[in-house]
Amino acid sequence: MQLFFAASHLESAQNFQQVLSERGVEIDLYEVEQLNARFFRQHTDLSLCVDEQGLWLCANGMRMQPDWKAEVSRLKRASIKSEMIARACQLSEAPKLIDATAGLGHDSLLMAHLGAQVILLERHPILFTLLEDAQRQSRTDALLTKVVDRIELVFADSVDYLQSYIQHNKQVDVVYLDPMFPQRDQHQQAIKKQAQVKKQMQLLHLLLPEQGEMDLGDSLLPLAQQIAKRVIVKRPRHAVFLNEQAPDHQWIGDACRFDAYFQLAL
Ligand SMILES: C[S@@+](CC[C@H](N)C(=O)[O-])C[C@H]1O[C@@H](n2cnc3c(N)ncnc32)[C@H](O)[C@@H]1O
């Protein structure tokens, strides 16, 4: 994977190269004069770049990072009453929660803001490094500092992580799952929405391609059910059930829904 940087960010680029190499991603560094719109138009392949705002994923003339600072206004508007995710995950009870499919971490940022203590799991080395950088940068914002203090980022495959909880008889209040869903299989309405998906999601889909046997995350549900009082699965509104398991309860919104699986009383 190529990483582009301007001369003033050489040290930062080398740090990311080192970190990513430890996570199994070999990076070739390329110094460029300027990372401007023209540069991004000319370099359409999936790559990384570094500037004063940190690490970015780039492709097709676009660039993205899990921009947690840009979420601040959304966080300020959010409340336990107004957010469906808050009701689904019972955030009013300040649960201990594992988000086993981090992605850009936006759902977890909201859940931590509304009271959850979050363990955020991501297995993709580049995405994890982008998340780590987002968390580091959030510490310069007064509101976000308090929120990200409630998020522990873990670079792991959730299957292994949940299995280790089972082996050690550990429990959490909630496991939250939002695995990738093939764009092509979504209901027409959802596909229309996909045409306008933010470039963040478009680039995420390039990084986590759908060719062949995309991991739909079915195996996560039975594992999660063994360690959590409640498992909440986020799905596109018309998507099939995760692991073909009918939920105990659903909250349905315009574009997505939350399927809930409750632990039986022992
Ligand atoms: C649709 S995204 C999640 C979006 C996220 N809810 C958000 O708010 O940005 C799914 C993410 O889960 C990750 N993922 C899927 N299966 C995983 C597993 N077994 N272990 C760790 N991460 C996994 C993928 O790499 C991807 O980044």
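Derivation of every value follows stated rules applied to the coordinates shown; laboratory data play no part. Values in this document were obtained by computation on a predicted structure and should not be read as measured data. For neighbour counting, all protein chains shown are included, and Cβ atoms are generated from backbone atoms with ideal geometry for every residue, glycine included.
Ignoring everything except DSSP H segments at least 4 long, calculate the 222 nm mean residue ellipticity for the chain; use -39,500 (n - 2.57) per segment, divide by total residues, nearest 500.
-10000 deg cm²/dmol
What's the whole-number percent of alpha carbon pairs in the range 1-156 lying beyond 28 angstrom?
On the way: 3204 of 12090 pairs.
Summing the P(r) of the range 1-156 above 28 Å gives 27 percent of all pairs.
Return the loop-located trypsin sites (Lys or Arg not before Pro) in the range 8-98 (DSSP other than H, G, I, E, B) with at most 16 other Cβ atoms within 10 Å of their own Cβ; answer none if there are none. Don't skip to the end; give the middle numbers.
Values: sites: ARG23, ARG38, ARG41, ARG63, LYS69, ARG74, LYS76, ARG77, LYS81, ARG87, LYS96; in loops: ARG23, LYS81.
Filter output for the range 8-98: ARG23, LYS81.
Which order do PHE241, PHE40 fall in if you start with the one that has the fewest other Cβ atoms within 10 Å?
Going from least to most buried by this count: PHE241, PHE40.
Treating only the Cβ of Lys, Arg, Asp and Glu as charged (+1, +1, -1, -1), what charge dipole size does the range 69-262 show about its Cα centre? Round to the nearest 20 debye.
860 debye
Can you give me the Cα centroid spacing of the range 44-79 and the range 237-251 in angstrom?
31 Å
For THR140 paired with LYS199, estimate the spin-label separation in nm (one decimal), with each label point 7 Å from Cα along the Cα-to-Cβ line.
For the pair THR140/LYS199, the computed spacing is 2.1 nm.
Over 19 Å between C-alpha atoms is what I'm after, so list which of LYS96/LYS170; LYS76/LYS234; LYS76/LYS96; LYS96/LYS146; LYS81/LYS199; LYS170/LYS234 land there.
Violating the 19 Å Cα-Cα cut-off are LYS76/LYS234; LYS76/LYS96; LYS81/LYS199; LYS170/LYS234.
Just flag the GluC sites (Glu not before Pro) in the range 1-31 sitting in loop per DSSP whose Cβ has no more than 11 other Cβ atoms within 10 Å.
GLU26
In vacuo Debye scattering of the chain, one point per C-alpha: log10 I(q)/I(0) at q = 0.08, 0.14, 0.15, 0.17 Å⁻¹?
Those come out to -0.34, -1.04, -1.18, -1.45, one per q.
Please find, in a Gaussian network model of the chain (springs between Cα atoms separated by less than 10 Å), the residue of ALA142, ALA246, ALA112 whose mean-square fluctuation is greatest.
Of ALA142, ALA246, ALA112, the most mobile in the Gaussian network model is ALA142.
Please work out the Cα convex hull volume for the range 2-64 and give it in Å³ per residue.
Spread over its residues, the Cα hull of the range 2-64 gives 74 Å³ apiece.
Nearest 5 percent is fine: what portion of the DSSP beta bridges confined to the chain is antiparallel?
45 percent
Among SER108, SER21, what is the fewest-to-most ranking by other Cβ atoms within 10 Å?
Placing the least packed residue first, the sequence is SER21, SER108.
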